[in-house]
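Accompanying notes for the structure given below.
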Amino acid sequence: MSSGAVIMMVLMLGVYFGGFIYFSLRKEPKKRDSTRK
Amino acid sequence: MAGQNDNWSSRVGFILASMGMAFGAGNIWRFPRVVAANDGGPFLIAFFVATVVWAVPMLMIEMIMGKTTRQGTIGAFKKFVGPRSTWMGAWIGFCCIFIMFYYSVVTGWAIRYLTYGVTGVIRKGIDSEALWKHFTGSPEQTIFFHFIAIGIAAFIIIGGVQKGLERANKIIVPSIIVLLAILMVWVLTKPHAVEGLEYLFRPNLAGLLKAKVWLNAFTQAAWSVGAGWGLMLTYAVYMSEHDDIGANSFVIALADAGSSLLAAMGILPLVFAVSPSREVALQALQSGDTGLTFIYLAKFFPNLPAGSLLAGLFFLALAISALASLLSMVELAVLNLGDFGINRRKAALITAAGAFILGIPSAWSISFQDNQDMVWGVGLLISGIFFAYAVYKNGIDNVRGMINDSSWIHVGKWFNWCVIAIPVIFIIIFGWWVFQAVTWYPDSWWNPWKKLSPGTMVLQWSLLIMAVILLNKWFSKKISLTDTDLVDEIKEKM
């Protein structure tokens, strides 16, 4: 594989699965701030 | 109407069920083909943008409507938008139900090919084109497997939300991921497979300047994630009070996009590994969804060591992913019927019987199935517009406030811009599809009896629109209201 394709693969896997993991790890905030709209 | 005991047991259960809803046959047989035809790397970037701009806000809108109204598409529009807009929910529901009729047939095809793989019919030297034509030309077979597909779906749905839907998806979704991962790792050990990866991730960034790449990316995002179908609204009805909307919308959309990427990382190397030459591989990728899956891959799977086993695993992944999406469509119909006072078991049986009978024309004729796929597939974009209208009617900032009150992340002003962009995106994608259809049939695009003409789309949509508008009062009168008037409570707090 060309280095360009390898970089693209790492980048895309990072963006798709990194985003998935980041949002999966969000927890319910203990105290909701109702003014944050 | 959802009962109090019909909630998801956990966040994981809800996310897995939603992933099952979103990840269907299209992710396996369409995504790899579309990404290959649209410059690879640039398409993946455009698809990510489309997922965030179109799919994520649409999932949020559906979730807030389902979670606050606790009713199916028809009741949700009556309650969230107003009795005069009940017909919009009916359009969304029927559009999805019409898709269910032929989607059950497609699930049946995948189950049939799973049996071909397991029983060794897919072997070296097989005339896969003749096998496909023989199967699709034998209505007794296509109808039988359509019956099996809708029967399994109804059986699971009768089990209820936790014991049926959630339990099934807890098995199905991890199985799909594991099967795709096995397929990918296995294939990548074969000669020429890496060429497929190179083709998938080719970094031709000039492709980002092509309109075709962006149009295909937004179309794929609109269909793939299942946003705007009413399915997420249906599943959101079973969320518990404290469940999150913001983060879960991102999780579901990115899980669907990531699984599509995983599928492409298995399928494209597979096509290159099993093809006698690069030219044949590229030709296969242009042979359409069913052509690639049921003719091309079935023909060349046996060229690989243990190819029959590999074929079995591939068609198992295809069959269960199609089944998981079919489950969500059946659930949408069952929930709507429940809102009219029909109990779950009876509603599931009515849905299964109706889907079986009305799916027979698609099982009988592949041309009819193609027609329905085009008409109601593009019709989903209209459903998306109705969801956007629901937000405009309540005020974009108000709805964003409602979403934030139910979210573990802060949804910022970007949401407003995405919702404002929905009609613009709709007009561009819809116009592009109509333009394409006109170029396919320059002399007869207006003819409603042509299989893929804009004329047939307009005729069938008009009939449905007229029917649901005429029945608006009846829908509005017959629908049962939920006990808790959550929408009003939340709106009062605004």
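Details
- Filtered residue count, segment B:209-238, keeping only those that are outside any helix (DSSP H, G or I) and either at pLDDT 95 or above or away from chain A (no Cβ under 14 Å) (or both): 8
- Filter result for the condition that a residue is modelled with pLDDT of 90 or more and either under 15 Å from B:GLY20 (Cβ atoms) or in a helix (DSSP H, G or I) (or both), over B:VAL173, B:VAL187: B:VAL173
- Checking B:SER383, B:SER362 one by one, the residue that is touching a Cys at 6+ places or on another chain (Cβ under 8 Å), among the hydroxyl-bearing types (Ser, Thr, Tyr) and part of a helix (DSSP H, G or I) is B:SER383 and no other.
- Residue selected from segment B:1-16 under the condition farther than 13 Å from B:GLY66 by Cβ and modelled with pLDDT of 90 or more, by the criterion farthest from the other protein chains (Cβ to nearest Cβ): B:SER9
- Test: residue in segment B:253-268 that is more than 9 Å from chain A (Cβ to nearest Cβ), among the acidic types (Asp, Glu) and either farther than 27 Å from B:ALA333 by Cα or assigned to a loop (DSSP other than H, G, I, E, B) (or both): no
- Condition check for B:ILE157: in contact with a Leu (Cβ under 7 Å, 6 or more places away or on another chain) and surrounded by fewer than 18 Cβ atoms within 10 Å (Cβ to Cβ): no
- Single unsatisfied condition, B:GLY41 versus (1) out of contact with any Pro (no Cβ under 7 Å at 6 or more places or on another chain); (2) crowded, with 23+ Cβ neighbours inside 10 Å: (1)
The values are calculated or read from the model by the stated rules, or taken from the named source; none is laboratory data. Because the structure is a prediction, the values reported are computed rather than measured. So basically every Cβ, Gly included, is an ideal-geometry build from the backbone, and we count neighbours across all protein chains shown.
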